[in-house]
Amino acid sequence: MTPNDILPHDASQAVLVGRLYDPEVQGPSVVVLKGDRLVDMSALAATMADLLEAGDPVALLRDATGGKSWDLATVLAATPSDLSAPHLLAPCDLQAVKACGVTFARSMIERVIEERAKGDSARANEIREEIGRIIGGALSDIKAGSPEAAKAKEVLIKGGYWSQYLEVGIGPDAEVFTKAPVLASVGHGAEIGILPSSAWNNPEPEVVLAVDSTGRVRGATLGNDVNLRDVEGRSALLLGKAKDNNASSSIGPFIRLFDETFTIDDVRTAELTLTVTGPEGYVLEGRSSMKEISRDPLDLVGQTLSRHHQYPDGFLLFLGTLFAPTEDRDVKGQGFTHRIGDVVEIASPKLGRLVNTVTHSDKAPEWRFGIRDLMRNLAGRGLLSR
């Protein structure tokens with residue numbers, strides 16, 4: 001991938017920040033894109049969490065000269081598992097990684113189907129058609145908590161399709177869960193992991209908000225909330241097993257900070273495209289439109305951080321997806337599932353393109369660099385003296 005392949009269409013106007021593995025210091029550095037180079041801002045902000053806590057991170061970066069720099073094209077050409085070459089990391093560090101589920105009415109129905117099918121993809125199409133006959137057009141432009149939402153819930157329950165997913169999909173409280181431990185997410189170019197035992201799974205293209213400790217949204221990026229439909233479909237209590245595995249959280253390539261060219265309104269109207277290219281030549285294309293979300297992004301932020309729950313280092317928040325693939329890949333009636341070697345591309349004009357390759361979670365590079373390692377590394381570089 002060249003810089004033009006992964007950068008936003010208006011990259012020259014955007015303030016793009018990320019994290020880069022620097023082999024010279026054997027650790028991560030906070031970087032900002034200036035022209036075609038990634039400039040080290042570690043002396044200004046030891047961590048991305050520090051940068052996002054600044055009063056005005058955009059002004060801070062524009063006034064800073066920075067340290068050494070790397071050619072973006074060279075960094076993109078590196079293999080993320082090669083510790084001898086600079087490469088991109090997930091653009092978050094000390095922040096909690098949270099995710100919202102069932103934030104689109106259409107994806108809510110898919111969760112109901114998964115639950116009713118008990119993880120059996122062969123039954124899913126039959127149930128989908130039955131629900132379609134029951135509910136008709138009641139899901140058109142639905143918003144959580146609205147009269148239309150209450151009607152859709154009533155129709156589904158009368159049709160015998162009561163589900164816990166109806167409550168979080170169109171009720172007053174959103175589903176918010178922990179997607180990955182701190183520092184466990186992977187970045188652009190890395191492998192993403194699915195459990196070897198999963199036979200029904202798919203990518204989930206999402207906008208991810210970068211939020212500071214006070215609840216201010218400082219910017220946004222792209223994410224893949226890798227989903228194991230058969231695991232979660234067997235029981236909602238298996239959500240952790242379905243969502244949190246080695247390399248199952250992908251975020252990047254950069255956080256675009258909010259400024260005069262990019263605001264929360266751009267998030268509300270974002271259009272995401274998804275392309276999955278299989279090793280056998282198979283191609284799946286999909287989309288997710290934030291215009292169809294059932295809950296406003298700021299409502300989801302408010303339901304994550306409140307007087308009841310604080311995040312002193314901030315958090316990254318996956319906003320959910322409209323995308324739920326139903327077309328068959330191999331066997332008629334069994335829908336889509338990943339194959340090892342699939343290349344997943346998630347793109348949006350103002351956020352760029354996030355690309356990863358699918359592997360099994362036990363074959364992906366092990367997550368070894370934790371919080372203690374980060375603190376030791378930053379201390380050794382004299383970046384924690386403040």
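The values are calculated or read from the model by the stated rules, or taken from the named source; none is laboratory data. Bear in mind that the values here come from a model prediction, so they are computed numbers and not experimental data. Glycine gets a Cβ as well: all are built from the backbone with ideal geometry, and neighbour counts include every protein chain shown. Remember, those area values only see protein heavy atoms, side chains included, never the ligands or the DNA or RNA. Shrake-Rupley method; radii C 1.70, N 1.55, O 1.52, S 1.80 Å.
Of the residues 85, 105, 46, the single one that is closer than 23 Å to residue 185 by Cβ and buried (at least 22 other Cβ atoms within 10 Å of the Cβ) is 46. All conditions but one from (1) open to solvent by 10 Å² or more (accessible area, probe 1.4 Å); (2) under 26 Å from residue 211 (Cβ atoms); (3) outside any loop (DSSP other than H, G, I, E, B) apply to residue 274; the one that does not is (1). If the condition is being farther than 22 Å from residue 297 by Cβ, part of a loop (DSSP other than H, G, I, E, B) and either among the aromatic types (Phe, Trp, Tyr) or at pLDDT 75 or above (or both), then the range 126-161 contributes 159, 160, 161.
Note on the range 1-27: residues that are open to solvent by 10 Å² or more (accessible area, probe 1.4 Å) and either free of Cβ contacts under 8 Å to residues at least 24 places away in the same chain or not in a loop (DSSP other than H, G, I, E, B) (or both) amount to 7. Within the range 228-271, the set of residues being within 30 Å of residue 59 (Cβ to Cβ), free of Cβ contacts under 8 Å to residues at least 60 places away in the same chain and assigned to a loop (DSSP other than H, G, I, E, B) comprises 260, 263, 269.
For the range 55-87, a residue qualifies if it is more than 16 Å from residue 367 (Cβ to Cβ), in a strand (DSSP E or B) and not aromatic (Phe, Trp, Tyr), and the qualifying residues are 69, 71. The set of residues in the range 302-354 that are farther than 14 Å from residue 227 by Cβ, in a loop (DSSP other than H, G, I, E, B), at pLDDT below 95 and open to solvent by less than 60 Å² (accessible area, probe 1.4 Å) comprises 329, 333.
Does residue 93 count as under 27 Å from residue 379 (Cα atoms), among the charged types (D, E, K, R), in a loop (DSSP other than H, G, I, E, B) and within 23 Å of the chain's Cα centre (by Cα)?
Working: under 27 Å from residue 379 (Cα atoms): yes; among the charged types (D, E, K, R): yes; in a loop (DSSP other than H, G, I, E, B): yes; within 23 Å of the chain's Cα centre (by Cα): yes.
Yes; evaluated as a whole, the condition is true for this residue.
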